[in-house]
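Below: one structure, written as structure tokens.
The values are calculated or read from the model by the stated rules, or taken from the named source; none is laboratory data. Bear in mind the structure is a predicted one, so any value in this text is a computation, not a measurement. Cβ coordinates were reconstructed from backbone atoms using ideal geometry, including for glycine residues, and neighbour counts include every protein chain displayed. All accessible areas refer to the heavy atoms of the entire protein, side chains included, with ligands and DNA or RNA removed. Shrake-Rupley method; radii C 1.70, N 1.55, O 1.52, S 1.80 Å.
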Amino acid sequence: MAEFTKLEDIVSLCKRRGFIFQSSEIYGGLASCYDYGPLGAELKRNVRNAWWKSTVQMRDDVVGLDCSIFMHPLVWKASGHIDKFADLIVECKKCNTRSRVDHLVDNAEEHTEHVPVETAETDANNLGNKICPGCNKIGNFTEPMPFRLMFETQMGANIDDSMKIFLRPETAQGIFVNFRNVLDSTRVKIPFGIAQIGKSFRNEVTTKAFIFRTREFEQAELEFFCAPGEDEKWYEHWKEFRFNWYVNLGIKKKNLRLRDHDSDELAHYAKGCVDVEYKFPFGSGDWQELEGIANRTDFDLRQHQRGMRTLNSWYENKGDLSKIELKEESPDYKKGPLSYFNEETKERFVPYVIEPSAGIDRSTLAFLVDAYDEDEINGQKRNLLRFHPSLAPIKAAVLPLVRKDGMPEIATKLYDDLKGSFACFYDQKGAIGRRYRRQDEAGTPFCITIDGQTKEDETVTVRHRDSLEQERISLSSVKGYLFEKLGV
Ligand code: GAP
């Protein structure tokens with residue numbers, strides 16, 4: 001059993017076996033950008049599908065959405081990102097390295113994702129004993145200044161009518177601005193949720209640890225709308241639901257915990273927030289955020305009602321956001337365009353929102369780290385990934401024992417029959433022991449071997465990755481066996 005997995009071992013396995021590569025590697029790489037190779041693309045899709053299945057498919061109170069990444073610039077004014085989504089940074093006067101103020105604590109690993117600008121340390125005098133990560137010297141820093149995290153780009157070809165737009169830093173806002181559309185086009189009734197998975201972008205000051213914190217990443221977010229007063233109950237529900245999701249997919253409970261945010265960590269929109277944290281093997285083996293679950297109250301829908309009232313001013317100022325203030329909220333905001341009418345109680349209100357917000361890349365890293373193991377078979381070291389079967393990139397490998405005596409023909413026929421139902425792999429090259437070990441390292445839970453006995457009695461061997469147990473089952477029952485074991 002690997003007691004303490006090192007990140008280097010994971011990075012090296014990921015490259016060797018085609019899970020994850022450095023982006024643009026043949027050009028020397030692009031910092032903090034990664035590409036998922038053949039096994040990684042399967043793994044990541046399985047993580048995404050597992051989230052979607054449990055959050056949307058298996059629930060009667062959640063529907064899905066897939067919004068565009070580019071959105072109207074006023075969305076980000078209304079959401080607060082234009083004014084507040086920034087990290088406070090300082091520049092080291094000796095080496096010019098820029099660092100996040102909240103990352104300077106004794107040069108240690110940070111515990112939080114984003115300390116809001118409003119509550120972060122703002123005085124350079126108080127940073128006197130902090131170490132600059134660039135030159136490792138006690139810092140002599142500039143005054144802290146806000147650094148906006150949203151990427152900007154231009155939309156449109158003509159100078160006159162092109163406008164500045166932003167790459168979304170979270171998928172959540174696409175859900176809020178479609179709240180009315182979903183209400184009007186489906187039969188959802190509160191309480192209900194809208195879920196979305198997609199790419200988000202943040203110009204992070206510091207990136208970190210492989211795919212843990214990158215500038216382009218994928219989020220899986222749910223906005224769950226409920227009546228004010230019901231929010232605490234749903235907050236508790238989603239905390240438990242999301243914690244169990246990781247455990248049910250094989251993350252060891254000892255490596256997972258829930259941590260409530262302190263009041264100075266709370267984002268501007270949140271009444272309460274808890275992080276699902278995983279004990280990652282980098283830094284000092286520290287607890288790090290996997291997912292945040294926030295009570296966003298009615299903040300976002302009310303802000304977008306203000307945004308809608310600001311549209312005229314946006315046109316008048318030719319889209320120049322720096323000249324625009326959000327219009328005040330209408331005193332009648334509870335009856336506004338993003339309110340909800342409860343047919344039974346005849347009440348109209350702006351719903352409260354509970355938001356579980358997970359990172360697909362970050363969860364993928366946690367699943368990789370947690371599944372990684374080393375053991376010994378007959379005195380030989382074995383690396384393996386003990387993935388939950390539903391996450392394993394390959395569900396079953398089909399292996400003829402030798403490349404003769406009709407074994408490849410039977411194996412190919414079985415493989416062709418299985419591949420329509422499961423991600424399978426056919427391999428007839430090399431010694432069987434080495435082929436097993438390659439599959440162990442890819443995390444394949446079952447190897448099906450066709451041998452001399454198969455021709456005689458139409459049975460095959462099923463070899464189990466974790467227990468190394470081997471059992472014989474009939475050739476004709478392999479598909480049913482896999483359906484049962486994989487739970488698909
Ligand atoms: N809508 C709320 C929101 O975006 P967040 O805590 O900033 O909240 C949610 O992000 C999750 O998205 C994080 O818990 C993490 O899993 C993932 N995430 C955020 N920034 C990331 C980054 N730079 N790289 C990888 N994943 C990131």
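For this structure, a couple of remarks:
- Single residue of the stretch 410-443 satisfying the filter (of a type in the set (Lys, Arg) and under 31 Å from the mean Cα position of the chain (by Cα)) that is least open to solvent (accessible area, probe 1.4 Å): 437
- Of residues in the stretch 37-55 being of a type in the set (A, V, I, L, M, F, W, C) and surrounded by fewer than 19 Cβ atoms within 10 Å (Cβ to Cβ), the one farthest from residue 179 (Cα to Cα): 41
- Counted residues, the stretch 403-448 - those being at positive phi and out of contact with any strand residue (DSSP E or B) (no Cβ under 7 Å at 6 or more places or on another chain): 3
- Failed item, numbered, when residue 346 is tested on (1) away from the ligand (no atom under 15 Å from the Cβ); (2) touching a helix residue (DSSP H, G or I) at 6+ places or on another chain (Cβ under 8 Å); (3) under 30 Å from residue 227 (Cα atoms); (4) charged (D, E, K, R): (2)
- In the stretch 188-211, the residues that are in a loop (DSSP other than H, G, I, E, B), of a type outside the set (S, T, N, Q), within 11 Å of the ligand (Cβ to nearest atom) and surrounded by fewer than 21 Cβ atoms within 10 Å (Cβ to Cβ): 204, 205, 209
Listed here are the residues, each with its yes/no results for (1) assigned by TED's automatic domain parsing to the domain that holds residue 440; (2) part of a helix (DSSP H, G or I); (3) in contact with a helix residue (DSSP H, G or I) (Cβ under 9 Å, 6 or more places away or on another chain); (4) closer than 16 Å to residue 360 by Cβ.
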| site | (1), (2), (3), (4) |
| --- | --- |
| 26 | no, yes, no, no |
| 31 | no, no, no, no |
| 41 | no, yes, no, yes |
| 54 | no, yes, yes, yes |
| 60 | no, no, no, no |
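- Selection within the stretch 265-308: residues that are among the small types (Gly, Ala, Ser) and part of a strand (DSSP E or B). The member of this set that is farthest from residue 352 (Cα to Cα) is 292.
- The residue of the stretch 160-169 that is nearest to the ligand (Cβ to nearest atom), among those that are open to solvent by 10 Å² or more (accessible area, probe 1.4 Å) and over 12 Å from residue 70 (Cβ atoms), is 162.
- Candidate set: the stretch 284-315, residues that are small (Gly, Ala, Ser) and more than 26 Å from the chain's Cα centre (by Cα); chosen: the one nearest to residue 364 (Cα to Cα): 307
- Filtered by the rule that a residue be touching a residue at least 60 places away in the same chain (Cβ under 8 Å) and either farther than 26 Å from residue 293 by Cα or more than 16 Å from the ligand (Cβ to nearest atom) (or both), the stretch 351-384 gives 351, 371, 372, 373, 374, 375, 377, 383, 384.
- When 245, 234 are checked against the criterion of being crowded, with 19+ Cβ neighbours inside 10 Å, within 14 Å of the ligand (Cβ to nearest atom) and over 23 Å from residue 210 (Cα atoms), a single residue qualifies: 245.
- Any hit, the stretch 142-153, residues being within 16 Å of the ligand (Cβ to nearest atom) and among the β-branched types (Val, Ile, Thr): no
- Counted as qualifying within the stretch 406-458 are the helices (runs of 4 or more DSSP H) with 3 or more residues that are of a type in the set (A, V, I, L, M), namely 407-418.
- Scanning the stretch 212-228 for residues that are within 10 Å of the ligand (Cβ to nearest atom) and not in a strand (DSSP E or B) yields a count of 3.
- Yes/no for residue 276 being modelled with pLDDT of 95 or more and either polar (S, T, N, Q) or open to solvent by less than 10 Å² (accessible area, probe 1.4 Å) (or both): yes
Matching residues to (1) of a type outside the set (Asp, Glu); (2) modelled with pLDDT of 95 or more; (3) in a helix (DSSP H, G or I):
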site: 363; (1), (2), (3): yes, yes, yes
site: 367; (1), (2), (3): yes, yes, yes
site: 374; (1), (2), (3): no, no, no
site: 404; (1), (2), (3): yes, no, no
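- Condition met for residue 258 (at negative phi, without any contact (Cβ under 8 Å) to a residue 24 or more places away in the chain and hydrophobic (A, V, I, L, M, F, W, C)): yes
- Checking residue 172 against (1) touching a residue at least 60 places away in the same chain (Cβ under 8 Å); (2) open to solvent by 20 Å² or more (accessible area, probe 1.4 Å); (3) near the ligand (Cβ under 10 Å from one of its atoms), the condition it does not meet: (2)
- Residue 298 falls short on exactly one of the conditions (1) touching a Pro at 6+ places or on another chain (Cβ under 7 Å); (2) surrounded by fewer than 16 Cβ atoms within 10 Å (Cβ to Cβ); (3) acidic (Asp, Glu), and that condition is (2).
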